[in-house]
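Quick notes on the structure that follows.
The values are calculated or read from the model by the stated rules, or taken from the named source; none is laboratory data. This structure is a prediction, so every number in the text was calculated from the model and none was measured. Virtual Cβ from ideal backbone geometry, glycine too; neighbours counted across all protein chains shown. Accessible surface is based on the protein model in full, side chains and every heavy atom, while ligands, DNA and RNA are left aside. Shrake-Rupley method; radii C 1.70, N 1.55, O 1.52, S 1.80 Å.
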Amino acid sequence: MGNCCSDVAGGQTAVGGTGVNQGNQPNAPNEAVDAFLKSRGYQGLYSQIELSLSATSLRDRDVLSKSDPMAVLYSKEKDGSLKELTRTEVVLNSLNPKWITKYTMAYYFETVQNLVFRVYDIDTQFHNQDVKMLKLEEQDFLGEGSCTLAQIVTKSDRSLTMDLVCGEQFSGQAHARKFGKLTIFAEESISSKTTVELKLRCSELESKDLFSKSDPFLVVSKTTESGIVVPICKTEVMKNDHSPTWKPVFLKIQQIGSKENPLIIECYDFNSNGKHSLIGKIQKSLLDLEKLHSAGTGANLFIPTAMGPKQENKVLKSQLFVESYSEKIQYTFLDYLAFGYELNFMVAIDFTASNGNPRLPDSLHYIDPSGRPNAYQRAILDVGEVLQFYDSDKRFPAWGFGARPIDGPVSHCFNLNGSSTYCEVEGIQGIMMAYISALHNVSLAGPTLFGPVITSAAHIASQSLTNNERKYFVLLIITDGVITDLQETKDALVQAADLPLSILIVGVGGADFKEMEILDADKGERLESTTGRVAVRDIVQFVPLRDVQNGDVSVVQSLLAELPSQLLEYMRSRKIQPTL
């Protein structure tokens, strides 16, 4: 990044941020999981996410001027430790900075990626130092915020605004005071994303320097619905050039919203002190820029001459030309999330007698007084803690099967909450509480049947489809044994394959799960119903918990790896596009 803000490289970054900080892919998949996935034919769907930061109403820690803020991004590891990922440039004399330095990190659907953001006021004596060399303990702390990457990418506008707090040792306790707000914008930056490549040039730029020509560069920005101007990209600085042609810049239509949305293109004269002079600006949509390229004509820059409601613009002789324009389009998993599609979590738990007496420590359903989760609880937590971020109301249908409620016959699909009228519980903890309560109110029985719970889940998915809801459902089945209704289960799965539904099966205990492998058609052998109908797609993922727990590898990474691909396969097969 160069120096904080005083030299050419640092000053350029402080304005535009063409240079993107490529991360070392934090939270990269465990090698054991990667090997397991490849052996199963899983490909996983990963994306590169570019984060940009801005803040408002920061504390003013300087006496004679405003604060000079810098943001630091960390990943929070499983053990609670923080790993520094990147630092932004220093924005001079500002309580409302918009940092141009971007950070690109890998987004993994199947893991919870916890992020921590801290903002510091950099003392004047350190302004000429490389930001990487700054000792943070020597700077004034302005505040901290934390979130998960999923919380950002699931927002419709791909931005999340949080309060910056200053609690005792950043504890996040209730007494922590608020000190401004931090906004994180996320943009998907994978090669298959809709991308427009622009090569721009200007002619007859005015000189802003006394003894030399201007050093021009362009900043391309968009305006959000709330009126915030967000920089998207910038060109390099062209030294002493009034007719510059810049290297191509790349814009993602997803960043802008649509080709019709206006972009603000500003031409600045670079100054090493960070106070860049506006040479001129223009407002054009991508559609307008495409037309300029086709016609081979330029458009005049203008400069505001007055402030207020009667603001007038002075049209300049300077012109902007589009030397080249090209684009490609393909929708991604994150596109569907951005346009309001949700993943709705459902769970079904095996209460058959083969699990063992829940009161005894050798039972798979034993509730350890120490708080250590059993295999069922661990699977619920691991899967639920990932999927909950993609479900807005966090009301989860939860069932049990293979048990006898008090004074009743064996049920192969009963509501885990004990209700006879509704099946939903509140949040992951609601599932855990309903599960423990059910262990005290049912008698374990059998046999192991999947058909009824799959049919119940399919009914909910079918109703949602009929109501044109933007939902895709994920049913987690946790079981300890081999099913006895294999053909009935195949019939239910073949029908469910037409619906917005995927089914994850976790096998716990030491049973032989070969028949479960038949349900998971990763080898290309689609399920066939009694009537000879073949499933239109594979919607089942199965994993024995023991296969991935030996290396302390989370079952989530194995089980959830193919979910995004299954959602995309469903959407594309039905020609559903992520539109408003």
Suppose we filter E426, E385 for residues that are in contact (Cβ under 8 Å) with a residue 40 or more places away in the chain, open to solvent by 70 Å² or more (accessible area, probe 1.4 Å) and of a type outside the set (A, V, I, L, M); which single one remains? E385
V494 is checked against (1) within 16 Å of A348 (Cβ to Cβ); (2) touching a Ser or Thr at 6+ places or on another chain (Cβ under 6 Å); (3) among the β-branched types (V, I, T) and fails just one. What number does that condition carry? (1)
Restricting to region 278-299, name every residue that is among the hydroxyl-bearing types (S, T, Y), more than 36 Å from the chain's Cα centre (by Cα) and surrounded by 15 or more Cβ atoms within 10 Å (Cβ to Cβ). none
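Of the residues S411, S354, which single one is among the small types (G, A, S) and out of contact with any Ser or Thr (no Cβ under 9 Å at 6 or more places or on another chain)? Full working, then the answer.
Numbers: S354 fails: out of contact with any Ser or Thr (no Cβ under 9 Å at 6 or more places or on another chain).
Every option except S411 fails the conditions.
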Is there a residue being part of a helix (DSSP H, G or I) and surrounded by fewer than 24 Cβ atoms within 10 Å (Cβ to Cβ) anywhere in region 466-476? yes
Y336 crowded, with 17+ Cβ neighbours inside 10 Å and part of a helix (DSSP H, G or I): yes
Residues in region 123-170 that are open to solvent by less than 30 Å² (accessible area, probe 1.4 Å) and assigned to a loop (DSSP other than H, G, I, E, B) total 5
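Table: residues versus (1) acidic (D, E); (2) out of contact with any Asp or Glu (no Cβ under 8 Å at 6 or more places or on another chain).
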{"residue": "E89", "(1), (2)": "yes, yes"}
{"residue": "S94", "(1), (2)": "no, no"}
{"residue": "Q113", "(1), (2)": "no, yes"}
{"residue": "F117", "(1), (2)": "no, no"}
{"residue": "D123", "(1), (2)": "yes, no"}
{"residue": "Q129", "(1), (2)": "no, yes"}
{"residue": "L134", "(1), (2)": "no, yes"}
Taking the residues in region 478-516 that are within 23 Å of R533 (Cα to Cα) and acidic (D, E) as candidates, determine which candidate is least open to solvent (accessible area, probe 1.4 Å). D485
Only one of (1) open to solvent by less than 70 Å² (accessible area, probe 1.4 Å); (2) at pLDDT 95 or above; (3) not β-branched (V, I, T) does not apply to G408, and that is (2)
Could you tell me whether K247 is basic (K, R) and either exposed (fewer than 15 other Cβ atoms within 10 Å of the Cβ) or out of contact with any strand residue (DSSP E or B) (no Cβ under 8 Å at 6 or more places or on another chain) (or both)? yes
Pairs where the first residue, in region 458-469, is more than 13 Å from Y341 (Cβ to Cβ) and the second is assigned to a helix (DSSP H, G or I) and open to solvent by 40 Å² or more (accessible area, probe 1.4 Å), C-beta under 9 Å, 6+ apart: A458/Q495
Criterion: in contact with a strand residue (DSSP E or B) (Cβ under 6 Å, 6 or more places away or on another chain) and either surrounded by fewer than 20 Cβ atoms within 10 Å (Cβ to Cβ) or modelled with pLDDT under 80 (or both) - qualifying residue of T235, T223: T223
Expected single match for at positive phi, part of a loop (DSSP other than H, G, I, E, B) and open to solvent by 40 Å² or more (accessible area, probe 1.4 Å) among N273, N240 is N240
